[in-house]
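What follows is a short report on a single structure.
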Amino acid sequence: MATNDSNFTVTTTTDASSWYTVSFIANRIKFWILFALQLCAVPCYLYIFYKFAYKKRLFHNIQHHVTLLLLIVSFLFVTINLPLSLSYMYTSYVYPSSYLYCTLWNWLHYSLNIINLFLMGFASLERNWLIFYPKLTAQRCRRFLFHYCPLIFCVIYPPFFYFAAMFIHKCQAYYDYTQLLCTWPCYFYNLQWTNFDLFFNNYTPLCSIPVFCCVLYIRVLIQKNKLKQQRFKWKRDKKLILQLWSQSSLYLAMWMPLQLAGLINLYWDPLFLLQDQINYMYLFPYLIHLLYPATILISFHHEIPSIRKVTGTVVPMQTFRIANIK
């Protein structure tokens, strides 16, 4: 049921599992907040991509591959998927109002988010390899098996799964064009598909992040004195650990509340924090993509120098050359 006036829109969905309301004013506030963050995020992404293209060492360094993929996927989310959500938030209505549009929107939204989640989970595992088992990626065949194959799986698997779930799997969709993402795809009503999606696509990579991070931190604390004896390696490993900590903290802070609430909704209380999920938690994954470039600029400040530092090193070189010519 939907009621509208010039200032306020309320949409109420009542069925066996949910009840919630959506405010036109609240959506408009979300629009301006996310739009402002988008305006800040896009230049950051472009600057980081420029640095990766300019400094070939960043691109060819194996430890930065997963970070670059995370940046690319998040950039696609911010520039392609986010505008679709902003269009809805501005009007509180999905346009064009069609089954194909809503299905494609859901496919793009879930695919990009789960690609990012798998990549972050693999990054947590790979940091352990790079620090304690560097020989795993030293040879070409091992590098392909333990580095490139997981990256290919993380990028290819989620779009294929959600294409099968939304386009091949036969089910009746009940889209609501007054809701973000038109509510949800119809495979959510199939318990087998939902369980597999929830536990393998969401909880497996999400839980692997704190598990592998804790394993890494504990091993570093135990072998700290031994690692410090290799000064150059310890300096590199310390940067890898701090970079992983900053990125994993962002992902866990944004994903954990939503996933825990979804688990409680599915198995215990269908109404648990449902209104808060609609109002706030559904936006948390958006914040990951919008805040990720700032996290990279902060944690990679040695590898990605600021514009001031770059210009500061060029001018003295030019002056030095002119002085030599004279």
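The values are calculated or read from the model by the stated rules, or taken from the named source; none is laboratory data. Since the structure is predicted, the reported quantities are computational estimates derived from the model, not experimental observations. Cβ: placed from backbone, ideal geometry, glycine included. Neighbour counts: every protein chain shown.
Some observations on this one:
- Val94 passes every criterion in (1) part of a helix (DSSP H, G or I); (2) touching a residue at least 40 places away in the same chain (Cβ under 8 Å) apart from (1).
- Checked against (1) among the hydrophobic types (A, V, I, L, M, F, W, C); (2) touching a helix residue (DSSP H, G or I) at 6+ places or on another chain (Cβ under 7 Å); (3) over 22 Å from His109 (Cβ atoms); (4) modelled with pLDDT of 85 or more, Leu291 passes all but a single condition, namely (3).
- Candidate set: the stretch 194-222, residues that are aliphatic (A, V, I, L, M) and surrounded by 14 or more Cβ atoms within 10 Å (Cβ to Cβ); chosen: the one nearest to Tyr267 (Cα to Cα): Leu198
- Contacts under 8 angstrom Cβ, first residue in the stretch 241-263 being surrounded by 19 or more Cβ atoms within 10 Å (Cβ to Cβ), partner not in a helix (DSSP H, G or I), 6 or more apart: Gln243/Phe300
- Within the stretch 126-181, being of a type in the set (Val, Ile, Thr) and touching a residue at least 40 places away in the same chain (Cβ under 8 Å) holds for Ile131, Thr137, Val155, Thr178.
- Condition check for Leu100: aliphatic (A, V, I, L, M) and touching a Lys or Arg at 6+ places or on another chain (Cβ under 7 Å): no
- All helices (runs of 4 or more DSSP H) inside the stretch 98-173 with 1 or more residues being within 19 Å of Asp197 (Cα to Cα) and of a type outside the set (Gly, Ala, Ser): 99-132, 149-163
- Filtered residues of the stretch 184-193 (kept if hydrophobic (A, V, I, L, M, F, W, C) and either surrounded by fewer than 16 Cβ atoms within 10 Å (Cβ to Cβ) or more than 18 Å from His109 (Cα to Cα) (or both)): Leu191
- Yes/no for Tyr93 being out of contact with any helix residue (DSSP H, G or I) (no Cβ under 7 Å at 6 or more places or on another chain), hydroxyl-bearing (Ser, Thr, Tyr) and crowded, with 17+ Cβ neighbours inside 10 Å: yes
- Of the residues in the stretch 177-197, at least one is at pLDDT 90 or above, in a loop (DSSP other than H, G, I, E, B) and among the aromatic types (Phe, Trp, Tyr).
Yes/no per residue for (1) under 16 Å from Tyr175 (Cβ atoms); (2) under 18 Å from the mean Cα position of the chain (by Cα):
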| position | (1), (2) |
| --- | --- |
| Thr67 | no, yes |
| Phe77 | no, yes |
| Tyr90 | no, no |
| Tyr110 | yes, yes |
| Ile114 | no, yes |
| Leu130 | no, no |
